[in-house]
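The values are calculated or read from the model by the stated rules, or taken from the named source; none is laboratory data. On a predicted model such as this, the values are computed, not experimentally measured, just so you know. All Cβ positions, glycine included, derive from the backbone under ideal geometry; neighbour counts span all protein chains shown. Areas reflect the complete protein model, heavy atoms only, side chains present, ligands, DNA and RNA absent. Shrake-Rupley method; radii C 1.70, N 1.55, O 1.52, S 1.80 Å.
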Amino acid sequence: MRNDDVFFQLYLIRHGESMGNVETDEPFDVMNPPLTLHGEKQAQALAERMSGVRLDAIYSSPLERAVCTALPCVQKCGCALVFDEMLCEKGVCVDFKGFLSYAESDSDCADRAKKFLQKLIAKHSDGAVAVVSHGEFIQFLIRAALNINDIKFCVYNTSVTKINFRKDKPHKLAFQNDISHLLSLDGDKTEWM
């Protein structure tokens, strides 16, 4: 349900469980780990949950774990998928060689989050968008959207956070870190981080 004073709805989604989230002896690309089988199931459950949400687009980090989480949602929602390098995890960038690690300060990451939100709102004002990204960067996006600092948030795998952007009022956190769609998965864990 949308209030008249809400001009933009933002759904922030963390990628599904990846090889980087679990202890394993299997080799994987540390900079760009794939989803685990469990992470793929989480992505499918997320897609079912988001299928009833009217979205203008789904924006995704270009990292594999985010893309593989976003794709089932795009198929269910029937909206555009947009890759954006600004959604990479803190300290990860893309260049002609692939994904690289670099030292990104909290201040620089916060600025990147603010710039991304400004760009998103300019393009999708009066709309609704989902963003699939990474735990630490989602925290920066939440803080930027709500204009708060120095608060840490739990961001579980495939959790959904919704922020309503309101005209001439502080933006409103509708819900945060919602993983209700995972409750139906057999053998899901109590810790998703």
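Here are the numbers for this structure:
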| quantity | calculated |
| --- | --- |
| Segment 141-162 - residue that is touching a Lys or Arg at 6+ places or on another chain (Cβ under 7 Å) and more than 22 Å from Gln44 (Cβ to Cβ) and, of those, modelled with the highest pLDDT | Ala144 |
| Segment 92-110 residues that are over 15 Å from Asp29 (Cα atoms) and open to solvent by 40 Å² or more (accessible area, probe 1.4 Å), paired with ones that are at pLDDT 80 or above and of a type in the set (D, E, K, R) (beta carbon under 6 Å, 6 or more apart) | none |
| Ala122 vs. criteria open to solvent by less than 10 Å² (accessible area, probe 1.4 Å) and either farther than 22 Å from Met50 by Cβ or among the hydrophobic types (A, V, I, L, M, F, W, C) (or both) | no |
| Selected residue [outside any helix (DSSP H, G or I), closer than 27 Å to Ala122 by Cβ and modelled with pLDDT under 90] from Arg2, Arg54 | Arg2 |
| Residue ID - most open to solvent (accessible area, probe 1.4 Å), chosen from residues in segment 40-50 that are under 16 Å from the mean Cα position of the chain (by Cα) and under 28 Å from Gly127 (Cβ atoms) | Gln44 |
| Search result, residues across segment 5-37 that are of a type in the set (A, V, I, L, M, F, W, C) and closer than 30 Å to Gly127 by Cβ | Val6, Phe7, Phe8, Leu10, Leu12, Ile13, Leu35 |
| Matching residues, segment 138-172, being among the hydrophobic types (A, V, I, L, M, F, W, C), in contact with a strand residue (DSSP E or B) (Cβ under 8 Å, 6 or more places away or on another chain) and within 19 Å of Ile58 (Cα to Cα) | Ile138, Leu141, Ile142, Ala145, Val155, Val160, Ile163, Phe165 |
| Checklist (1) open to solvent by 60 Å² or more (accessible area, probe 1.4 Å); (2) over 22 Å from Val22 (Cβ atoms) applied to Glu136, failing item | (2) |
| Any chance Gly78 is open to solvent by 60 Å² or more (accessible area, probe 1.4 Å) and within 17 Å of Val132 (Cα to Cα) | yes |
| Residue match in segment 113-125 (condition: in contact with a Lys or Arg (Cβ under 9 Å, 6 or more places away or on another chain) and modelled with pLDDT of 95 or more) | yes |
| Test: Leu12 is under 15 Å from the mean Cα position of the chain (by Cα), crowded, with 20+ Cβ neighbours inside 10 Å and either at pLDDT 90 or above or part of a loop (DSSP other than H, G, I, E, B) (or both) | yes |
